[in-house]
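Below is one structure, written out as structure tokens; comments come after it.
The values are calculated or read from the model by the stated rules, or taken from the named source; none is laboratory data. Values in this document were obtained by computation on a predicted structure and should not be read as measured data. Positions of Cβ are generated from backbone atoms using ideal geometry, with glycine treated the same way; all protein chains shown enter the neighbour counts.
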Amino acid sequence: MAARFCESCGAALKEGDRFCENCGAAVAVPSPPPPPGTAASPAGAKEKNPTISLILSFFFPGLGSIYNGDTLKGIAIYIGTIIGMFLLLIPGIIIWIYGMYDAYTTAKKMNAGLIPFKEANTLVMIGFVVAVLIIGAIVFMSMMVGF
């Protein structure tokens with residue numbers, strides 16, 4: 001077995017280490033190669049698609065986090081984005097971009113086993129999109145009426 005080293009600080013790692021003893025960084029545990037003639041991931045293995053998470057967050061700020069199973073984080077990102085957009089445009093854009101980055105990296109970390117896998121609740125995702133569209137329609141209509 002080849003020696004392994006921490007990607008953060010370069011310290012030598014022991015067999016089975018999940019965290020570097022030197023700097024405390026999480027260590028990706030290499031998985032054994034699949035047996036010849038089998039699929040790369042075992043049957044029933046659950047994975048998130050980081051690209052889908054990113055795209056969802058692009059169109060609906062916070063939806064990528066909800067897809068990753070972090071409903072409260074998704075709602076917080078949405079509210080932060082909207083408040084930031086109303087206060088000054090730049091803070092809202094920063095929060096929106098952070099939400100896309102966080103959704104993408106969280107999905108990758110779940111796939112690597114660095115953080116626990118969380119199921120996405122499809123009904124919550126649909127409810128979030130419907131709520132965002134209704135809130136958007138109410139805001140648009142109130143602006144048209146002149147409130």
Q) Restricting to segment 91-121, what's the tally of residues that are of a type in the set (Val, Ile, Thr) and at pLDDT below 90? A) 1
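Which of the residues spanning segment 64-80 are of a type outside the set (Lys, Arg), surrounded by fewer than 24 Cβ atoms within 10 Å (Cβ to Cβ) and assigned to a helix (DSSP H, G or I)? Quick ask: steps written out before the conclusion?
From segment 64-80, those of a type outside the set (Lys, Arg) are 64-72, 74-80; that's our starting set.
Imposing the further condition that a residue be surrounded by fewer than 24 Cβ atoms within 10 Å (Cβ to Cβ) reduces the set to 69-72, 75-76, 79-80.
The answer is Thr71, Leu72, Ile75, Ala76, Ile79, Gly80.
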Q) Is at least one residue of segment 46-56 within 25 Å of Val27 (Cα to Cα), surrounded by 20 or more Cβ atoms within 10 Å (Cβ to Cβ) and among the basic types (Lys, Arg)? A) yes
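Scan segment 108-147 for residues that are part of a loop (DSSP other than H, G, I, E, B), over 13 Å from the mean Cα position of the chain (by Cα) and not polar (S, T, N, Q) and jot them down. Spell out how you get there, then give the answer.
Looking only at segment 108-147, we keep the residues that are part of a loop (DSSP other than H, G, I, E, B), and these are 113-121, 146-147.
Going one step further and asking which of them are over 13 Å from the mean Cα position of the chain (by Cα), we end up with 113, 121, 146-147.
Residues satisfying the conditions are Gly113, Gly146, Phe147.
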